[in-house]
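Please read the structure below before turning to the comments.
The values are calculated or read from the model by the stated rules, or taken from the named source; none is laboratory data. For clarity, every value in this text was computed on a predicted model and none was experimentally measured. Ideal geometry is used to build each Cβ from the backbone, glycine not excepted, and the neighbour counts take in all protein chains shown. Please note that ligands, DNA and RNA were not included when accessible areas were found on the heavy atoms of the full protein model with its side chains. Shrake-Rupley method; radii C 1.70, N 1.55, O 1.52, S 1.80 Å.
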Amino acid sequence: MAFLATENASSSSSSIPPSSTPGCKYDVFLSFRGPDTRNNFTDHLYDRLKQVGIPTFRDDERLEQGTKIDSGLLRAIDESKIAVVVLSKQYASSSWCLMELAKIVKRMDQKKLTVLPVFHYVDPSDVRYQKGSFAEAFAKHENRFKDKIDEVKTWRAALTEVANLSGWHLKDNK
């Protein structure tokens, strides 16, 4: 595994071998709410994937200068094989995260993307049924996007669909 030795010797992402799937630039796309998980769980996951040579997209590091954020993120989803969706308490408060999630689910439904949810200290049923912080977030979105209510409904459906997938549930050991 020469690429692992090369990767460990250099922090440059250019030494990571390209994805083996035609049309895929990344093996993994990480979808997460930055303030909730960027400086802990997501950073550790990203670093480990990078360490073992798995081409991974994370929004703050892989968008080229001058690329519009929304088009760059959506293109990265199209260029990925797997999406790891880190569902945290404030994930649904971000319209960007929900727009991303709707694209991820669309690609999953087309059988072009595998989705792996991580329930980061949230109850999967709260995500599935949009209770607690998820209910609060959607109440705000419905008010803010009154003229785009169909988009909000798409976000709700995408969140429910991902929450119905088998994934990892991280929780406190109380």
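At-a-glance table
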{"quantity": "Sequence-separation-based contact order of segment 93-174, relative, with Cα cut under 8 Å and 6+ spacing, percent", "calculated": "47 percent"}
{"quantity": "Separation of the Glu79 and Asn39 label points, Cα + 7 Å toward Cβ, nm", "calculated": "2.9 nm"}
{"quantity": "Sites Gln51 and Asp109, calculated FRET efficiency, Cβ-Cβ separation with R0 45 Å, nearest 0.05", "calculated": "0.90"}
{"quantity": "Sequence-distant lysines (8 or more away, or on other chains) whose Cα lies within less than 19 Å of Lys89", "calculated": "Lys131, Lys140, Lys171, Lys174"}
{"quantity": "Rounded percent of accessible protein surface that carbon and sulfur make up, segment 49-174, 1.4 Å probe", "calculated": "48 percent"}
{"quantity": "Approximate spin-label separation Glu142-Ala157, in nm, with each point projected 7 Å along Cα-to-Cβ", "calculated": "1.7 nm"}
{"quantity": "Fraction of the pair-distance distribution of segment 73-174 above 24 Å, Cα-Cα pairs, percent", "calculated": "19 percent"}
{"quantity": "Under 13 Å, Cβ to Cβ, from Lys112 - net charge with Lys/Arg +1 and Asp/Glu -1", "calculated": "+2"}
{"quantity": "DSSP-loop trypsin sites (Lys or Arg not before Pro) across segment 68-98, with at most 14 other Cβ within 10 angstrom", "calculated": "Lys68"}
{"quantity": "Sequence-distant lysines (8 or more away, or on other chains) whose Cα lies within less than 19 Å of Lys111", "calculated": "Lys25, Lys81, Lys103"}
{"quantity": "Part-to-part distance (alpha-carbon centres) for segment 109-153 and segment 23-55, which is given in Å", "calculated": "21 Å"}
{"quantity": "Cleavage-rule hits, GluC sites (Glu not before Pro), segment 23-131, DSSP coil, Cβ neighbours within 10 Å at most 14", "calculated": "Glu64"}
